[in-house]
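Engineer: Just passing along the structure, written as structure tokens.
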Amino acid sequence: MNNQNKDEDIMPLSPEEIKAIGEIELGPSKHEQFLNEHYKKLLWGGITLGIAAGCVIAYFSTQNDRTHQAAAVTVAAMKADEPGKVATVEAYDAASLELLQKEYGETPAAATGELLKGISLLRNGGDKAAAIASLENVAAKSPSVLLKSRAITAIATDYMGEGRNEEATAAWQRVTALPDNPYTALAFVCLGDIAKTSGDKDAARAYYEQAKAKCPYSALVRDSVVDLRLTLLDVDAPVPVAPATAPAADGSGDNSWLNQDVSNHSLDTDQPTNN
């Protein structure tokens with residue numbers, strides 16, 4: 001029995017079995033071959049990727065730092081170093097605004113700085129052309145609706161102050177064409193005021209009504225400013241009259257009223273009254 005098993009164990013392999021064994025690869029696998037052939041490329045690729053990732057992180061860290069620095073310069077320009085204390089437009093620091101434009105022009109704060117610069121120039125009687133150019137640049141390039149509307153509002157207000165109503169009307173209409181913003185109600189009210197001044201009461205009424213319909217939460221609507229304008233729309237302005245002539249200091253004026261006989265108008269308390 002044992003001899004029979006032993007003979008079976010040493011039986012020669014068939015040709016098919018020998019061929020199958022010959023096809024078995026005893027060398028390195030394809031994965032190992034790939035690594036052997038390209039390990040240097042993979043190594044340098046990993047190093048390059050690591051350096052690139054580090055540069056990206058460093059870049060965004062630097063940009064974040066510059067954004068914070070620009071914000072600090074903006075605060076300095078507005079002299080708002082202490083909470084709740086902000087300088088008036090007339091007192092803005094021109095040097096800080098200039099630094100903001102030159103050194104941090106790529107940051108979001110640059111648009112704010114240009115806006116402040118334009119408003120400051122208008123308020124302080126500076127170069128008006130430069131002021132309008134700065135404000136128009138903000139209106140054209142800033143992605144912020146708030147900054148856009150504030151810039152155009154400054155332009156429109158200046159035009160109104162100079163009596164340039166046609167240009168002011170065009171500017172206010174640009175404000176109303178923007179998506180809803182804090183200056184929409186003011187724009188409609190000012191358009192109504194200009195229309196009333198020009199004698200077009202129907203247009204004025206339409207603008208005031210638009211302010212109420214489109215900006216119900218505006219303080220101008222809540223505080224009845226618009227309602228008051230609608231109420232007074234049909235009230236004519238008082239006609240100015242010449243003031244009465246005051247008596248001359250030397251008494252040479254017309255003082256005849258002082259010599260009028262007022263005896264008939266005096267009351268005699270001694271005479272009995274007729275009942």
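The values are calculated or read from the model by the stated rules, or taken from the named source; none is laboratory data. Just so it is clear, the model here is predicted, and its values are computed rather than measured. Heads up, the Cβs are rebuilt from the backbone with ideal geometry, glycines too, and the neighbour counts pull from every protein chain shown. Side chains are part of the model used for accessible areas, which takes the heavy atoms of the whole protein and leaves out ligands, DNA and RNA. Shrake-Rupley method; radii C 1.70, N 1.55, O 1.52, S 1.80 Å.
Engineer: Find the residue count for the range 161-182, including only residues that are modelled with pLDDT under 95 and buried (at least 19 other Cβ atoms within 10 Å of the Cβ).
Structural biologist: Count: 1.
Engineer: Does A111 count as at pLDDT below 85, within 22 Å of T176 (Cα to Cα), of a type outside the set (V, I, T) and touching a helix residue (DSSP H, G or I) at 6+ places or on another chain (Cβ under 9 Å)? Can you show your working first?
Structural biologist: On the way: at pLDDT below 85: yes; within 22 Å of T176 (Cα to Cα): yes; of a type outside the set (V, I, T): yes; touching a helix residue (DSSP H, G or I) at 6+ places or on another chain (Cβ under 9 Å): yes.
Taking the combined requirement at face value, the residue satisfies it.
Engineer: Could we say that T153 is over 26 Å from A129 (Cβ atoms), within 16 Å of the chain's Cα centre (by Cα) and among the hydroxyl-bearing types (S, T, Y) here?
Structural biologist: Numbers: over 26 Å from A129 (Cβ atoms): no; within 16 Å of the chain's Cα centre (by Cα): yes; among the hydroxyl-bearing types (S, T, Y): yes.
No; evaluated as a whole, the condition is false for this residue.
Engineer: On to the next question. Against the conditions (1) more than 21 Å from L191 (Cα to Cα); (2) open to solvent by 50 Å² or more (accessible area, probe 1.4 Å), where does G113 fall short? Just the number, please.
Structural biologist: (2)
Engineer: Output the residues belonging to the range 124-144 that are open to solvent by 50 Å² or more (accessible area, probe 1.4 Å) and either of a type outside the set (D, E) or over 17 Å from A110 (Cβ atoms) (or both). Full working, then the answer.
Structural biologist: Going through the range 124-144, the residues open to solvent by 50 Å² or more (accessible area, probe 1.4 Å) turn out to be 124-125, 127-129, 133, 136, 140-141, 143.
Passing the criteria: N124, G125, D127, K128, A129, A133, A140, K141, P143.
Engineer: Considering each of S149, S120 in turn, give the residue that is among the small types (G, A, S), modelled with pLDDT of 90 or more and under 25 Å from V189 (Cα atoms). Quick ask: steps written out before the conclusion?
Structural biologist: Details: S120 fails: modelled with pLDDT of 90 or more.
Among S149, S120, only S149 is among the small types (G, A, S), modelled with pLDDT of 90 or more and under 25 Å from V189 (Cα atoms).
Engineer: Restrict the check to the range 190-202 and report whether at least one residue is open to solvent by 30 Å² or more (accessible area, probe 1.4 Å) and within 23 Å of the chain's Cα centre (by Cα). It would help to see each step written out before you state the result.
Structural biologist: Initially, the range 190-202 is screened for residues open to solvent by 30 Å² or more (accessible area, probe 1.4 Å), giving 193, 196-202.
Restricting the remaining residues to those that are within 23 Å of the chain's Cα centre (by Cα) gives none.
Scanning the range 190-202 turns up no residue that is open to solvent by 30 Å² or more (accessible area, probe 1.4 Å) and within 23 Å of the chain's Cα centre (by Cα).
Engineer: Can you tell me which residues in the range 162-198 are under 21 Å from L232 (Cα atoms) and of a type in the set (A, V, I, L, M, F, W, C)?
Structural biologist: A185, L186, A187, F188, V189, C190, L191, I194, A195 - these are the residues of the range 162-198 that are under 21 Å from L232 (Cα atoms) and of a type in the set (A, V, I, L, M, F, W, C).
Engineer: Okay, next question. For residues in the range 212-228 being crowded, with 19+ Cβ neighbours inside 10 Å and more than 20 Å from the chain's Cα centre (by Cα), which is nearest to M160 (Cα to Cα)?
Structural biologist: Looking at the filtered set, the residue picked out is V226.
Engineer: Would it be correct to say that A206 is open to solvent by less than 60 Å² (accessible area, probe 1.4 Å), at pLDDT below 75 and over 24 Å from K148 (Cβ atoms)? Reasoning before the result, please.
Structural biologist: Numbers: open to solvent by less than 60 Å² (accessible area, probe 1.4 Å): yes; at pLDDT below 75: no; over 24 Å from K148 (Cβ atoms): yes.
Considered against the rule, which asks whether it is open to solvent by less than 60 Å² (accessible area, probe 1.4 Å), at pLDDT below 75 and over 24 Å from K148 (Cβ atoms), A206 comes out as no.
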